[in-house]
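Engineer: One structure follows; several queries about it will come next.
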Amino acid sequence: MIPTDFEYYLPATISEAVHLYRTLKNHGKKPLYYSGGTEIITFLRLHLIETGAVININAIPECRQNNLIGDSLTLGSSLTLTEIEEANVFPLLSAASAGVADHTSRNKITLGGNICGMIFYREAVLPFLLCDSYCMIAGGDGVRKAPINSLFNKSLQLTEGELLVQIITQKRYLDLPFICIKRRQQWETGYPLVTVAALRNGNEIRVAISGLCPFPFRSAKMEADLNNTKLSLEERIELAFRHLPAPILHDVEGSAEYRLFVLKNTLLEIIPKLEAGAIA
């Protein structure tokens, strides 16, 4: 049971959703955009957030697109992780999303909800960081396009009232060799210790990580060290670890030291396979 009352809106267009947000905010309603709603419902029950109105964006056609046209793939923010996994147009994204929670939850969790959520892991963002994808963002000044690697810094940096509508990825990235590994300490659907998504673009290996820190990340400095083939793989990893962001998570799932141990061994597994052209 949700211990509060709130107003519910189902706009049919982007402009209607943005106008609703602005109007409701001016009336002190503390509005929230809503698609799958799994995190919002949980946090409302735990009294971690409050709102007087939710704006469901599922009826907005642009938020439901799943189109591979020409040289780009467009994915709407309201697509569920199950829909993405079953369509499997973007295999790396399917692999990263497949391990989020359980199948029942993925039927509700949306792409935008996972990326914009408050839970640490947000694994769905990793493939987009690796593929230099672009975000379509709607706000009071209309719709803008921004590179996800400039927009995502610990979280998606949206101004109040802005809405993630779509993410666009160039087709050439979709078939690149990749590996995505999720390491858990206990059971198959428990929270992960570390998730590592990696792909090979030409001679360059790219790596994005979730679960190590309280936010997902990709580091150009880490990648520079990992791609320095003049050194041994262990030396490359040790040098790359100098550029890890802080803090490293230390909680009931695993200590900071254990997470680093798991990450090192995961990279020792992934990098030789990608250098040999593996895809998994």
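Engineer: Just to be sure I understand: if I project the alpha-carbon convex hull of the range 93-192 onto a plane and average over all orientations, what area do I get in nm²? Don't skip to the end; give the middle numbers.
Structural biologist: Numbers: hull surface 28.4 nm².
Mean shadow area of the hull around the Cα atoms is 7.1 nm².
Engineer: Run the accessible area of the range 63-173 with a 1.4 Å probe and give the carbon-and-sulfur part as a rounded percent. Display every interim value, and only then the final one.
Structural biologist: Details: 2150 of 4440 Å².
That share works out to 48 percent.
Engineer: How far apart, in nm, are the 7 Å Cα→Cβ label points at E86 and T159?
Structural biologist: In this crude spin-label approximation the distance works out to 3.9 nm.
Engineer: Can you tell me how much longer the chain between R183 and K264 gets when fully stretched, taken as 0.36 nm per residue apart minus their C-alpha distance, in nm with one decimal?
Structural biologist: Values: separation 81, 0.36 × 81 = 29.16 nm, distance 1.17 nm.
Between R183 and K264, full extension yields an extra 28.0 nm.
Engineer: On to the next question. How would E223, E7 rank on accessible area, largest to smallest, probe 1.4 Å? Show your work: numbers first, answer last.
Structural biologist: Numbers: E223 10, E7 65 Å².
Largest to smallest exposure gives the sequence E7, E223.
Engineer: Within 15 Å, Cβ to Cβ, of A12, how many net charges do the neighbouring residues add up to if Lys/Arg are +1 and Asp/Glu are -1?
Structural biologist: On the way: positive: R64; negative: E16, E62.
Local charge sum for A12: -1.
Engineer: Let me ask something else about it. Just to confirm a number: summing +1 for Lys and Arg and -1 for Asp and Glu over residues other than A96 whose beta-carbon lies under 14 angstrom from that of A96, what do you get? Intermediate results must be reported in sequence, preceding the final value.
Structural biologist: On the way: positive: R106, R122, K182, R183, R206, R218; negative: E85, E123.
Once all neighbours under 14 Å are counted, the net charge is +4.
Engineer: Only one of the values [x] 200; [y] 155; [z] 130 was calculated from this structure for volume of the Cα convex hull per residue in Å³; name its label.
Structural biologist: [z]
Engineer: How would you classify the range 217-280 from its alpha-carbon gyration tensor, with a ≥ b ≥ c the square roots of the eigenvalues: rounded for a/c under 1.5, else prolate if a/b is greater than b/c, otherwise oblate? Please list the in-between numbers first.
Structural biologist: Numbers: a/c = 2.12, a/b = 1.52, b/c = 1.39.
Judged from the Cα gyration tensor, the range 217-280 comes out prolate (a/c at least 1.5, a/b above b/c).
Engineer: What aspartates and glutamates sit close enough to K230 to cross-link, taking a C-alpha to C-alpha distance under 18 Å and skipping anything fewer than 8 places away on the same chain?
Structural biologist: E204, E238, E275
Engineer: Here's something else I'd like to know. Report D for the range 116-163 in µm² per second (integer): Stokes-Einstein, Kirkwood Rh on Cα pairs, 20 °C, 1.002 mPa s. List each step's numbers first, then the result.
Structural biologist: Working: Rh = 11.4 Å.
After rounding, the answer is 188 µm²/s.
Engineer: Same structure again: Put a dot 7 Å past each Cα toward the Cβ at E275 and N66; how far apart are the dots in nm?
Structural biologist: Spacing of the two 7 Å Cα→Cβ label points: 3.7 nm.
Engineer: Okay, next question. In the range 188-280, which trypsin sites (Lys or Arg not before Pro) are in a loop and have at most 11 other Cβ atoms within 10 Å, using DSSP for the loop call? It would help to have the intermediate numbers written out before the result.
Structural biologist: Details: sites: R200, R206, R218, K221, K230, R236, R242, R259, K264, K273; in loops: K230.
Passing both the DSSP loop test and the Cβ count: K230.
Engineer: Taking the simple approach of a point 7 Å from Cα along Cα-to-Cβ for both N107 and R242, what is their distance in nm?
Structural biologist: It works out to 5.1 nm between the two label points.
Engineer: Would you mind checking the pairs K171/K221; K154/K264; K25/K182; K108/K182; K25/K145; K108/K221 and listing those with alpha carbons more than 30 angstrom apart? Before the final figure, lay out each step's value.
Structural biologist: Working: K171/K221 26 Å; K154/K264 22 Å; K25/K182 39 Å; K108/K182 21 Å; K25/K145 24 Å; K108/K221 36 Å.
Listed pairs above 30 Å: K25/K182; K108/K221.
Engineer: Calculate the tail of P(r) for the range 71-127: the fraction of all Cα-Cα distances greater than 19 Å, expressed in %. Walk me through the intermediate numbers first.
Structural biologist: On the way: 238 of 1596 pairs.
Taking all Cα-Cα pairs of the range 71-127, the fraction more than 19 Å apart is 15 percent.
Engineer: Which of the aspartates and glutamates could a cross-linker span from K29 if the Cα-Cα distance has to be under 14 Å and same-chain partners fewer than 8 positions apart are dropped?
Structural biologist: Cross-link targets: D5, E7, E50, E160.
Engineer: Moving on. Can you figure out the FRET efficiency of Q170 with H27, using R₀ = 45 Å and their beta-carbon distance, to the nearest 0.05? Provide the component values of the computation, followed by the final result.
Structural biologist: Numbers: r = 42 Å, r/R0 = 0.93.
Calculated value: 0.60.
Engineer: Then there is this: Just add up the charged neighbours of S150: K/R +1, D/E -1, any other residue whose Cβ is under 14 Å from the Cβ of S150. Provide the component values of the computation, followed by the final result.
Structural biologist: Numbers: positive: R144, K145, K154, R218; negative: D132.
Counting the neighbours of S150, the net charge comes to +3.
Engineer: Compute the long axis of helix 256-275 from its Cα atoms, compare it with the longest principal axis of the Cα atoms of the chain, and write down the angle in degrees, 0 to 90, nearest 10.
Structural biologist: 70
Engineer: At 1.4 Å probe size, with every protein chain present, just tell me what the per residue accessible area of the chain comes to in Å².
Structural biologist: Working: 13090 Å² over 280 residues.
So the chain comes to 47 Å² accessible per residue, rounded to a whole number.
Engineer: Still on this structure: If you average the C-alpha positions of the range 119-152 and of the range 169-185 separately, how far apart do those two centres end up, in angstrom?
Structural biologist: 17
The values are calculated or read from the model by the stated rules, or taken from the named source; none is laboratory data. Nothing here was measured: the structure is a model prediction, and the numbers come from that model. For neighbour counting, all protein chains shown are included, and Cβ atoms are generated from backbone atoms with ideal geometry for every residue, glycine included. To get the accessible areas, we keep the full protein, side chains included, count just its heavy atoms, and leave off ligands, DNA and RNA. Shrake-Rupley method; radii C 1.70, N 1.55, O 1.52, S 1.80 Å.
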